[in-house]
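Worksheet: one structure, shown below.
The values are calculated or read from the model by the stated rules, or taken from the named source; none is laboratory data. Predicted, not measured: the structure shown is a model, and the values here were computed from it. Note that each Cβ is placed from the backbone with ideal geometry, even for glycine, and that neighbours are counted across all protein chains shown. Keep in mind that these areas ignore ligands, DNA and RNA; they rest on the heavy atoms of the full protein, side chains included. Shrake-Rupley method; radii C 1.70, N 1.55, O 1.52, S 1.80 Å.
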Amino acid sequence: MITCKNLYENKNIEIVEAKGDIKVFEYKKDLSVNSTNAMASYFASEMNVRRRQVLIELKGNAFTISAGAMQWTAGSVTMAADVKGFGDLIGKALSSKVTKESTIKPKYQGNGLLMLEPTYKHILLEDVSEWGGLVLEDGLFLACDSNIQQKVVVRSNLSSAVLGNEGLFNLCLSGQGIAVLESPVPRDELVEFILENDEVRIDGNYAIAWSKSLDFRVEKSSKSLIGSAVSGEGLVNVYRGTGKILMAPIA
């Protein structure tokens, strides 16, 4: 039996979000400061620049995380490389090249606690089943239930990569379970669009996640060249269909 003191009852740590057996801890202040950096640390905390950590309680299940993201485990927890063979290794290596994610994502399973490394980014807990396939921008993935399928999806048209200065490939999560994402902005600043056979046009790479069911393309802001020139927008990212979009409008 393991007793973990000065974690749940720590007055400097607040649980800011929780889903299922996943909790997001946020440190109110950086107490490990000295006279030279105390002022900078104080104002950083006041401006919501704080360290955050994800604690996952394993109950006989498994969780897949980004390489190097584990800080500590407690209990009967084991780690295994989430690779099924040489062919799977090659496939994951190729996927990592195009999505900029880690080649091998370790899988932790058993009964106990799994704590991830601290980060100054903002943590999002998303129920993947609510998205019908969750497509992520590069660098958002931190962890997910191991029964969630990870696949590389290709943009529906080359214009999204060539004209819109976008990558051609993205990581897509599908199935049942919770995904842990690292967002550049807090959830309070994210705009969520829910589409029902409609479209959203965004001038810039502000969408950080969207449903796989949406058709994503890059198009001219107007049907005519003159119209695009007059509007000053030029090319915009267009999402059509039924699904959801998470947008970071001020990133």
Handout entry: Test set (1) assigned to a loop (DSSP other than H, G, I, E, B); (2) surrounded by 12 or more Cβ atoms within 10 Å (Cβ to Cβ) - residue 35 fails condition number
Key = (2)
Handout entry: Unique match (being in a strand (DSSP E or B), at pLDDT 95 or above, more than 23 Å from residue 150 (Cα to Cα) and open to solvent by 30 Å² or more (accessible area, probe 1.4 Å)) among 182, 219, 199
Key = 199
Exercise for the section: Being of a type in the set (A, V, I, L, M) and modelled with pLDDT of 95 or more is the filter here, so list the residues in segment 18-36 that pass it. Expected result: 18, 22, 24
Practice task
Have a look at 150, 109 and point out the one that is at pLDDT 90 or above, open to solvent by 20 Å² or more (accessible area, probe 1.4 Å), in a strand (DSSP E or B) and within 30 Å of residue 215 (Cβ to Cβ).
Solution key: 150
Problem - Count - residues of segment 121-136 that are surrounded by fewer than 21 Cβ atoms within 10 Å (Cβ to Cβ) and part of a loop (DSSP other than H, G, I, E, B) - result: 3
Exercise for the section: Look at residue 11 and say whether it is open to solvent by 70 Å² or more (accessible area, probe 1.4 Å), modelled with pLDDT of 90 or more, touching a helix residue (DSSP H, G or I) at 6+ places or on another chain (Cβ under 8 Å) and not in a strand (DSSP E or B). Expected result: no
Completion exercise
Residues of segment 60-78 being of a type in the set (Ser, Thr, Tyr) and open to solvent by less than 60 Å² (accessible area, probe 1.4 Å), in sequence order, are 64, 66, 73
